[in-house]
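Shown next, in structure tokens, is the structure this report addresses.
Just so it is clear, none of the values below were taken in a lab; they were calculated from the coordinates. Since the structure is predicted, the reported quantities are computational estimates derived from the model, not experimental observations. Virtual Cβ from ideal backbone geometry, glycine too; neighbours counted across all protein chains shown.
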Amino acid sequence: MDPFRLAAEALKSSGLTIAVTGAGISAESGIPTFRGNDGIWTKYPPDEYATIDAYNADPDKVWKFWLELAATLGGSQPNPAHYALAELEAMGKLEALITQNIDNLHEVAGSNNVIEYHGNAHWLVCPRCRHRDPLDLSQQTNSPPYCFCGTLMKPDVVMFGEAIPSQALVESARLAETCNCLIVVGTSAQVYPAARLPVLARQNGAFIIEANIEETDFTASVTHAFLKGPAGETLPKLVGYVKG
Ligand code: BJW
Ligand code: ZN
């Protein structure tokens, strides 16, 4: 059966649908993904730039990388894939959206119930007192700023070795365990615990729709309907099938 038709039927009959998104959904907004030939990690190895230990050992080095990454986010706009998920929510067909992305584009596209699993690049957080300040993504400083409590602040994103924010962790697991349908978009399924969510949903009987330009570790064993292609094309097409 046509995977779009199969996916649309599952969505129509589902009482509770959630989505899990990754960097691939923002690729068509001009934001590079992490893995793959042109991925961020090819230039900046994650061991050196994306772990909390690396940040604590040399905050200025990681800060410099961070500002470069942030520059790719500044001025970026949602693409048709973000709008398609916002439309599904508005239609009452998507309960919640769990994003690993830190770019804020789902919120800009109009999704209301967004769980930020790996934080948000538009904020700084104090590791000691948890005070948050907005981060001006266009700033160019050599060092991260200090909190009023005297501690060096860090981007409010989850680095390797840091815990997922507890509310996001618990709420996402609850949704994955109880949903009837889960749409997973543009993630390589390599980073945990986010990569557990579709597996958890599948184990609890949910129908899994996957949208990606290539197969992932989910595709053969977890996915029911694989929508192959750029999410900016496949997700609006899926919404069309749901409406039609
Ligand atoms: C398209 C497309 C288009 C392209 N359309 N598709 C279990 C097993 C092994 C290891 C672990 C485990 N549990 C925990 C770990 C350790 C670690 C981990 O997962 N390591 C593995 C990588 C080996 N996890 C952690 O450390 C996490 N924390 C944790 O577990 O805490 C425990 C703890 C408890 C109590 C106290 C202390 C600790 C934290 C993970 C944090 C991840 N952070 C990052 C970086 C943030 C920014 C920064 O610092 O600079 O988040 S890593 C990076 O990867 C980013 C992403 O959110 C994340 C996922 O990447 P994503 O989204 O999948 O992107 P890509 O690039 O990998 O894939 C893109 C996909 O899109 C591809 O499939 C393309 O084909 C596709 N695509 N264009 C559709 N147009
Ligand atoms: Zn503080």
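Observations, loosely collected:
- Remark: relative contact order (the chain) = 26 percent; criterion is Cα-Cα distance under 8 angstrom and separation of 6 or more residues.
- Residues PHE148 and GLU214, FRET efficiency given R0 of 45 Å [Cβ-Cβ distance, rounded to 0.05]: 0.45
- Quarter of the Cα convex hull surface for the stretch 134-244, i.e. its orientation-mean projected area (nm²): 10.2 nm²
- Spatial separation of Cα centroids for the stretch 214-244 and the stretch 3-67, in angstrom: 18 Å
- Footprinting exposure proxy for VAL170, VAL157, VAL242, VAL184 (fewest neighbouring C-beta atoms within 10 Å first): VAL170, VAL242, VAL157, VAL184
- Lys, Arg +1 and Asp, Glu -1 on Cβ, resulting dipole of the stretch 6-155 about Cα centre, debye, nearest 20: 240 debye
- Applying 0.36 nm per residue to the separation of LYS43 and ASN113 and subtracting their alpha-carbon distance, the gain on full extension is 21.8 nm.
- Sorted fewest first by neighbouring Cβ atoms within 10 angstrom, ILE98, ILE25 come out as ILE98, ILE25.
- Size of charge dipole - the stretch 178-244 - debye, nearest 20, with Cβ of Lys, Arg +1 and Asp, Glu -1, no other charges: 220 debye
- Count Lys and Arg as plus one, Asp and Glu as minus one, and take only other residues whose Cβ is under 15 Å from that of GLN190; the net charge is then -3.
- Here is the list for the stretch 205-244: GluC sites (Glu not before Pro) lying in DSSP coil, each with at most 11 other C-beta atoms within 10 angstrom of its C-beta, are GLU214.
- Rg in Å to one decimal, and Dmax rounded to a whole Å, for the chain via C-alpha atoms: 18.1, 60
- Here's how it looks for THR21: its modeled amide H is under 5 Å from those of ILE98, THR99, GLN100, VAL185, which are all 5 or more places away or on a different chain.
- Counting only Cα atoms, the stretch 197-244 measures 29, 23, 14 Å along its principal axes, largest extent leading.
- For LYS93, a cut-off of 17 angstrom between C-alpha atoms picks up these lysines, skipping any fewer than 8 places away in its own chain: LYS12, LYS237, LYS243.
- As a size descriptor, the averaged projected area of the C-alpha convex hull of the stretch 1-101 was calculated at 8.6 nm².
- Neighbour-count order for MET91, MET153, fewest beta carbons within 10 angstrom listed first: MET91, MET153
- Assuming charge only on the beta carbon of Lys and Arg (+1) and of Asp and Glu (-1), the dipole of the stretch 1-61 about its Cα centre is about 320 debye to the nearest 20.
- Using a Gaussian network model of the chain in which every pair of alpha carbons under 10 angstrom is joined by a spring, one finds that among ASN180, ASN204, ASN101 the greatest mean-square fluctuation is at ASN204.
- On Cα atoms only, tilt of 231-243 relative to the major axis of the chain in degrees: 40 degrees
- Amide proton proximity set for PHE207, modelled H, under 5 Å, gap of 5+: CYS181, LEU182
- Virtual spin-label span in nm between ASN56 and ASP133, 7 Å along Cα→Cβ: 2.2 nm
- Projecting the Cα atoms of HIS118, CYS147, TYR83 onto the charge dipole of the stretch 27-175 (Cβ charges, centred on the Cα centre) puts CYS147 farthest toward the positive pole.
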